[in-house]
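To keep things clear, I will list the structure first and then write my remarks on it.
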Amino acid sequence: MPNFNDFITTLKDDLLVFAKENFEEYKDELIKDGTLFVEKTKSDLERWTEGLASGALSKKDFEFLLKGKKDLAEMEALKQLGLSKIRITKIFNSLTNVITGSAIKTFL
Amino acid sequence: MNIRTKTHIFALLLLTNFGLISCSSISVFSPEAYQQAVNLKVESINLMSFATLPYPEFEEEVAFLNTELDKAYEYAKGRPNNEISTKQWEILINPDGNLLGGFLKRWGEEETLSQMFVTEMQTLVSDAFDTIIGLESGKIDPSEIN
C-alpha cells in the first residue's frame, strides 16, 4: 500500500517533469518554489492524503484545500509586505523627529 | 535669526514632512477594522461548523454573514492607503476562490460538506483571518504620528 513518502517522491518527480515540459526557462525556480511549498504544507498534505485515501475527503475537497492553502500563502505574503511598509514608515517617523529636533536645536 | 535662516528651517521641515507623507503608504491602525475582523472570524468559524448539515437550514445565516463580510471589505476599501488589507479581504471572501467565500458557495451548491473538509477549512479560514488581524494590529496608531 503506498504511503506518504511515496506520494512526496511521486510529487517531486511530477513537478520536475511539469517544470521541464512547461517552464524550461524557469525550471529551477519552479522546482525550488514547489519543493518549498511541499515542505511548508507537509503536515497538512500528510493529513489530506490520508483523508483522500480513506474516503474522508473527495478529490474535489483535496484540490479545494490545496488551492485554499495557496490563497492563504498569498494573504500571508500580503501581511508581510504590509508589515515591511509599516517598519519603513516607523523609521521615517523617527528620522523626521530627529531631523526636526536637530534643526530646532541648531537654528532656533 | 534672519529671513534666509528661517527659509532654510521651513524648507527642511517641509522636506522631512514630505518624506514622511510619501512613505506613509499604508493606513494607520483602526480599532473598528480590528474589531470587525475579530468578530467576523468568530462568526465565520462558528457558522462553518454547521456545513455538515443541509444548507437550506442556514441560508439566512449565510446571507447575513456574507453581508457582514461585504461591509468589512467595503470598509477596508474606503480607507486611504489600505490597498494591502483590501486585497486580503478580497482573497478571503472571493466566491470563486478557495477560502471563506468559496467554502460558503460550495456549501450552497452541494447542500452538505464532509466533516473532515469542514474541519480543515476552518483551520485555513482561521489562519486567513489571522493574517488580516495581524496586519491591522501591526499598523501605527494615529497618536504615534503626530
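Values in this text are rule-based calculations from the coordinates and carry no lab data. Bear in mind that the values here come from a model prediction, so they are computed numbers and not experimental data. As a convention, Cβ positions derive from the backbone with ideal geometry for all residues, glycine included, and neighbour counts pool all protein chains shown.
Here's the yes/no breakdown for (1) in a helix (DSSP H, G or I); (2) under 19 Å from residue B:102 (Cα atoms); (3) among the hydroxyl-bearing types (Ser, Thr, Tyr):
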| residue | (1), (2), (3) |
| --- | --- |
| A:5 | yes, no, no |
| A:8 | yes, no, no |
| A:13 | yes, no, no |
| A:31 | yes, no, no |
| A:34 | yes, no, no |
| A:37 | yes, no, no |
| A:49 | yes, no, yes |
| A:63 | yes, yes, no |
| A:79 | yes, no, no |
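Within the range B:36-145, which helices (runs of 4 or more DSSP H) (wholly inside it) include 1 or more residues that are in contact with a strand residue (DSSP E or B) (Cβ under 6 Å, 6 or more places away or on another chain) and within 13 Å of chain A (Cβ to nearest Cβ)? Before the answer, list the steps.
Details: elements: B:59-78, B:83-93, B:100-110, B:115-138, B:142-145.
Fully inside the range B:36-145 and qualifying: nothing.
Which residue, of A:49, A:41, is closer than 23 Å to residue B:94 by Cβ and among the β-branched types (Val, Ile, Thr)?
On the way: A:49 fails: closer than 23 Å to residue B:94 by Cβ.
Of the residues listed, the single one that is closer than 23 Å to residue B:94 by Cβ and among the β-branched types (Val, Ile, Thr) is A:41.
From the list B:42, B:62, which residue is within 19 Å of the chain's Cα centre (by Cα) and farther than 27 Å from residue B:137 by Cα? Lay out the reasoning, then the answer.
Values: B:42 fails: farther than 27 Å from residue B:137 by Cα.
The conditions single out B:62.
How many residues, within the range A:69-84, are within 7 Å of chain B (Cβ to nearest Cβ) and among the small types (Gly, Ala, Ser)? Break it down into steps so the answer makes sense when it comes.
Our first condition is that a residue be within 7 Å of chain B (Cβ to nearest Cβ); within the range A:69-84, this holds for A:69, A:71-72, A:74-76, A:78-79, A:81-83.
Then drop every residue that is not among the small types (Gly, Ala, Ser), which leaves A:82.
Qualifying residue count, the range A:69-84: 1.
Quick check on the range B:83-96: of everything there that is without any contact (Cβ under 8 Å) to a residue 12 or more places away in the chain and touching a Lys or Arg at 6+ places or on another chain (Cβ under 8 Å), which residue is surrounded by the fewest Cβ atoms within 10 Å (Cβ to Cβ)?
The initial filter retains those residues of the range B:83-96 that are without any contact (Cβ under 8 Å) to a residue 12 or more places away in the chain, namely B:83, B:87, B:94-96.
Adding the requirement that they be touching a Lys or Arg at 6+ places or on another chain (Cβ under 8 Å) leaves B:95-96.
Values: B:95: 13, B:96: 7.
Once the filter is applied, the top-ranked residue is B:96.
For the range B:40-57, name all the residues that are free of Cβ contacts under 8 Å to residues at least 12 places away in the same chain and more than 12 Å from residue B:122 (Cβ to Cβ).
Start the filter on the range B:40-57 by keeping residues that are free of Cβ contacts under 8 Å to residues at least 12 places away in the same chain, which leaves B:42, B:46, B:50, B:57.
Result: B:57, single match.
For the range A:38-57, which positions are of a type in the set (Gly, Ala, Ser) and more than 7 Å from chain B (Cβ to nearest Cβ)?
Initial filter on the range A:38-57 (of a type in the set (Gly, Ala, Ser)): A:43, A:51, A:53-56.
Answer for the range A:38-57, where residues must be of a type in the set (Gly, Ala, Ser) and more than 7 Å from chain B (Cβ to nearest Cβ): A:43, A:53, A:54, A:55.
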